[in-house]
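What follows is a single structure, written as structure tokens, with notes after it.
A short reminder: the numbers here are calculations on the coordinates, not readings from a lab. Please read these numbers as outputs of a predicted model, since none were measured by experiment. Every residue, glycine among them, receives a Cβ derived from its backbone with ideal geometry; neighbour counts consider all protein chains shown.
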Amino acid sequence: MLSKKEKQLIREIWERLTPVAEDIGADALLRMFASYPGTKTYFSHLDIGPGSAHLSSHGKKIVLAIAEGAKDISQLTVTLAPLQTLHAYQLRIDPTNFKLLSHCLLVTLACFMGEGFTPEAHAAIDKFLSAFAAVLAEKYR
Ligand code: ZNH
């Protein structure tokens, strides 16, 4: 569980990252595709190579969805309901992949945030992304 202070920190961090959502999302996706090539199979209908338009647009969508969730963490199950359904029933994404993307996002943020990536920020982001991934995986049960 995130403390009140951690929730506040998470809100601030994602608010600050929203203007660079595209860059962050694209970087995290590229890391995921490079480190866990199996994840590319879900995107075989798209050109998601480095610098591609779809990599940026998809990366941006993901980060904006996360930033939206960060605004009120207590409401994650409500905010994410449409995305739960999309990933479980339409896209049929194996839920283990959510953890892989979360990990890659954490690394991306470590690169982007510089000194802002304190041990406290690291811990809070890690907890938040784990909670986020767990909610996304709920519909699979
Ligand atoms: Zn996902 C889609 C988010 C993860 C795969 N996604 C999507 C979208 C969003 C998202 C927002 C869009 C929708 C619309 O358009 O309506 N995701 C997300 C998030 C996450 C995710 C937030 C986490 C954190 N995904 C994921 C993973 C994977 C995926 C892990 C795999 C590997 N998605 C996907 C796909 C899609 C999506 C395939 C579709 C794309 C197109 O365009 O086609």
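Considering the range 41-73 alone, what residues qualify as being of a type outside the set (A, V, I, L, M) and more than 17 Å from the chain's Cα centre (by Cα)? Thr41, Ser44, His45, Asp47, Gly49, Pro50, Gly51, Ser52 - these are the residues of the range 41-73 that are of a type outside the set (A, V, I, L, M) and more than 17 Å from the chain's Cα centre (by Cα). For the range 114-137, a residue qualifies if it is away from the ligand (no atom under 13 Å from the Cβ) and in contact (Cβ under 8 Å) with a residue 40 or more places away in the chain, and the qualifying residues are Gly116, Glu120, Ala121, Ala123, Ala124, Lys127.
For the subset of the range 13-63 comprising residues that are part of a loop (DSSP other than H, G, I, E, B) and of a type in the set (A, V, I, L, M), which member is farthest from the ligand (Cβ to nearest atom)? Let's see the steps before the verdict.
Of the residues in the range 13-63, the ones part of a loop (DSSP other than H, G, I, E, B) are 36, 44-52.
With of a type in the set (A, V, I, L, M) added as a condition, the list becomes 46, 48.
Details: Leu46: 6, Ile48: 9 Å.
Looking at residues that are part of a loop (DSSP other than H, G, I, E, B) and of a type in the set (A, V, I, L, M), I get Ile48.
A Cβ distance below 7 Å, combined with a sequence gap of six or more or placement on separate chains, defines the contacts here; from the range 37-48, residues that are within 15 Å of Gln90 (Cα to Cα) reach residues that are within 9 Å of the ligand (Cβ to nearest atom) in the pairs Tyr42/Leu91; Tyr42/Ile93. Ile93 falls short on exactly one of the conditions (1) farther than 18 Å from Leu17 by Cβ; (2) among the β-branched types (Val, Ile, Thr); (3) within 11 Å of the ligand (Cβ to nearest atom); (4) assigned to a helix (DSSP H, G or I), and that condition is (4). Across the range 64-79, the qualifying residues are those that are without any contact (Cβ under 8 Å) to a residue 60 or more places away in the chain and near the ligand (Cβ under 8 Å from one of its atoms), and the one among them that is nearest to Ser130 (Cα to Cα) is Ala65.
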